[in-house]
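Enquirer: Below is a structure I'd like to ask you about.
The values are calculated or read from the model by the stated rules, or taken from the named source; none is laboratory data. Given the structure is predicted, the values throughout are model-derived calculations rather than measurements. Here Cβ is always computed from backbone atoms with ideal geometry, including for glycine, and neighbour counts include all displayed protein chains.
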Amino acid sequence: MTKAGAALAPQAGHHAHTMTRDPRLTLNARQQELLEWVQRDGFVTVDDLAAHFDVTPQTIRRDVNWLSDMNLLRRYHGGASLPTSSENVSYTARQRMFHDEKRHIGALVATHIPDQASLFINLGTTTEEVARALNRHRGLRVITNNLNVASMMSGYPDCEVLVTGGIVRPWDKGIVGELAIDFIRQFKVDFAIIGTSGIEFDGTLRDFDTREVRVAEAIIEHARTVFLAADHSKFGRPALVRQGHLDQIDALFTNAAPPAEMAETLASVKTQLYIAQ
């Protein structure tokens, strides 16, 4: 089925949540653009970067070294590339990366969730922004394996939160394992709100953790409607484990038009495309 596209403004009255941020993770404009360049092209040279930004190669090397220390890219002699498909960016760094874009995506997803809905919300910094944007909804029943989401939404008025059992990952408070999967399989919800680490141009969804992927598979299977929330950096990004395919997703919410290489894939699936402005 041909996709339907829409561009909608963030929900009126939504307020940005002030996060406590590690000062090391505050990217300046040059570092942010440098990172986006690497994510777009896969590899870029120090000399090209220095010429583009009109700074010395030494300045670029300092940026690359710092971004590499944060595991946002890989440092090579004379250049930089994406992290490998087996390593994800640290959770604290992901919270900081593209924060405004994720906040706008979260607000847009929230406009598509009615009051009184039942939801799965899984792991990820973008799904957490969706949870934050649902603070004005009424009568929600939320099932989550994300303790950050559970902590946040349990404080909302008229919102019931159910938390899966399982193993808690210390770095992002995500819950994984067979207990989480068994709990999810007891339900059939109206909406699943999921994230992903990478979307290949053929529509394959990918992530880094096999246990996290197995929980996500159960969530997709036990929801009537599946929303994928992913910022533009996920397009074409490599990750090790197959999580699913866009043809299992009812709507993709992002902040920029997908690359041209994905046009044929998007035309061949039923997934609606929503772009947060």
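Enquirer: Does Ser81 meet the test of being surrounded by 13 or more Cβ atoms within 10 Å (Cβ to Cβ), within 19 Å of the chain's Cα centre (by Cα), under 25 Å from Arg206 (Cα atoms) and at pLDDT below 85?
Expert: Considered against the rule, which asks whether it is surrounded by 13 or more Cβ atoms within 10 Å (Cβ to Cβ), within 19 Å of the chain's Cα centre (by Cα), under 25 Å from Arg206 (Cα atoms) and at pLDDT below 85, Ser81 comes out as no.
Enquirer: Within segment 39-46, identify whether any single residue is more than 26 Å from Glu200 (Cβ to Cβ) and at pLDDT 85 or above, and answer yes or no.
Expert: Yes, segment 39-46 contains a residue that is more than 26 Å from Glu200 (Cβ to Cβ) and at pLDDT 85 or above.
Enquirer: When you scan segment 160-219, how many residues do you find that are closer than 15 Å to His245 by Cα and among the acidic types (Asp, Glu)?
Expert: Number of matching residues: 4.
Enquirer: Report, by residue number, each residue of segment 179-228 that is basic (Lys, Arg) and under 15 Å from the mean Cα position of the chain (by Cα).
Expert: Of everything in segment 179-228, just one residue is basic (Lys, Arg) and under 15 Å from the mean Cα position of the chain (by Cα), namely Arg206.
Enquirer: On to the next question. Just name the residue that is surrounded by the most Cβ atoms within 10 Å (Cβ to Cβ) out of those in segment 132-163 that are within 22 Å of Asp209 (Cα to Cα) and in contact (Cβ under 8 Å) with a residue 40 or more places away in the chain.
Expert: Of the residues in segment 132-163, the ones within 22 Å of Asp209 (Cα to Cα) are 143-150, 163.
The next check asks that each one be in contact (Cβ under 8 Å) with a residue 40 or more places away in the chain; those that pass are 143, 145.
Details: Ile143: 24, Asn145: 31.
Ranking the candidates gives Asn145 first.
Enquirer: Ok, one more. Please go through segment 118-134 and give me each residue that is in contact with a strand residue (DSSP E or B) (Cβ under 6 Å, 6 or more places away or on another chain) and not in a helix (DSSP H, G or I), ordered by number.
Expert: Residues satisfying the conditions are Ser118, Leu119, Phe120, Ile121, Asn122, Leu123.
Enquirer: Quick check, is Ile220 hydrophobic (A, V, I, L, M, F, W, C) and farther than 20 Å from Arg169 by Cα? Before the answer, list the steps.
Expert: Working: hydrophobic (A, V, I, L, M, F, W, C): yes; farther than 20 Å from Arg169 by Cα: yes.
Yes: the conditions hold for Ile220.
Enquirer: Go through segment 37-77 residue by residue and tally those that are on the phi > 0 side of the Ramachandran plot and in a helix (DSSP H, G or I).
Expert: 0
Enquirer: Just the residues that are modelled with pLDDT under 95 and surrounded by 22 or more Cβ atoms within 10 Å (Cβ to Cβ), please, taken from segment 234-254.
Expert: Lys234, Ala239 - these are the residues of segment 234-254 that are modelled with pLDDT under 95 and surrounded by 22 or more Cβ atoms within 10 Å (Cβ to Cβ).
Enquirer: Right, something else. Just to be sure I understand, how many residues within segment 127-183 are of a type in the set (S, T, N, Q) and at pLDDT below 95?
Expert: Summing the residues that are of a type in the set (S, T, N, Q) and at pLDDT below 95 in segment 127-183 gives 0.
Enquirer: Evaluate the following for Leu179: is it under 27 Å from Leu34 (Cα atoms), surrounded by fewer than 24 Cβ atoms within 10 Å (Cβ to Cβ) and hydrophobic (A, V, I, L, M, F, W, C)?
Expert: So Leu179 fails the test.
Enquirer: Count, please, the residues in segment 201-222 that happen to be of a type in the set (S, T, N, Q) and either in contact with a Leu (Cβ under 6 Å, 6 or more places away or on another chain) or at pLDDT 95 or above (or both). Before you say what the answer is, go through the steps one by one.
Expert: Taking segment 201-222 first, the residues of a type in the set (S, T, N, Q) are 204, 210.
From the residues that got through so far, the ones that are either in contact with a Leu (Cβ under 6 Å, 6 or more places away or on another chain) or at pLDDT 95 or above (or both) too are 204.
Adding up the residues that qualify gives 1.
Enquirer: For segment 208-221, check the following and say yes or no: at least one residue is without any contact (Cβ under 8 Å) to a residue 12 or more places away in the chain, among the polar types (S, T, N, Q) and farther than 30 Å from Gln32 by Cβ.
Expert: no
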